[in-house]
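Okay, so here's the structure we're looking at.
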Amino acid sequence: MMVGGPLLVSILPGIVVLLLIWWLRKWNLPLLARMTPGILAIIAAVVLFYIGFVNIRGFEGGAYGILAFFLMCFAIVSLIMAKQPVSDK
């Protein structure tokens, strides 16, 4: 449960970020506008890791670190999606 809980908690914002990236790519917005949700997710992951490491510590702080790791994975996938060229259909 130590890994499953943070994974399940990070899935919801991760899916929201991925859907937002997909929607922004569909509108053919500039690269900076498409990358904004991914950058915000990376910032949130860094803040969560910092809070878990410095303020909370212990097993609960480790859970925050695992949550930050999974959120960072979703953010990296979203940045890769945002950088792909938009196909004009």
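What to note about this one:
- In the stretch 16-35, the residues that are more than 10 Å from residue 78 (Cβ to Cβ) form Cβ pairs under 9 Å with partners that are open to solvent by 80 Å² or more (accessible area, probe 1.4 Å) and not in a loop (DSSP other than H, G, I, E, B), at six or more places apart or across chains, as follows: 31/83.
- Per the listing 53, 74, 59, the residue uniquely in contact with a Ser or Thr (Cβ under 7 Å, 6 or more places away or on another chain) and open to solvent by 40 Å² or more (accessible area, probe 1.4 Å) is 74.
- Residue within the stretch 32-50 that is open to solvent by 50 Å² or more (accessible area, probe 1.4 Å), of a type outside the set (Gly, Ala, Ser), assigned to a helix (DSSP H, G or I) and in contact with a Gly (Cβ under 9 Å, 6 or more places away or on another chain) present: yes
- When residue 69 is tested against (1) open to solvent by 60 Å² or more (accessible area, probe 1.4 Å); (2) out of contact with any Ser or Thr (no Cβ under 9 Å at 6 or more places or on another chain); (3) at pLDDT 90 or above, just one condition goes unmet, and that condition is (2).
- Only one of the numbered conditions (1) surrounded by fewer than 12 Cβ atoms within 10 Å (Cβ to Cβ); (2) at pLDDT 90 or above; (3) more than 14 Å from the chain's Cα centre (by Cα) is violated by residue 15, and that is (3).
- Near pairs, Cβ below 7 angstrom, 6+ apart or cross-chain, from the stretch 40-69 (within 21 Å of residue 18 (Cβ to Cβ)) to any residue that is among the aromatic types (Phe, Trp, Tyr): 41/74; 48/64; 49/64; 68/49
The values are calculated or read from the model by the stated rules, or taken from the named source; none is laboratory data. Note that this is a predicted model, so its numbers are computed, not measured. Heads up, the Cβs are rebuilt from the backbone with ideal geometry, glycines too, and the neighbour counts pull from every protein chain shown. With ligands, DNA and RNA removed, areas are computed over all heavy atoms of the protein, side chains included. Shrake-Rupley method; radii C 1.70, N 1.55, O 1.52, S 1.80 Å.
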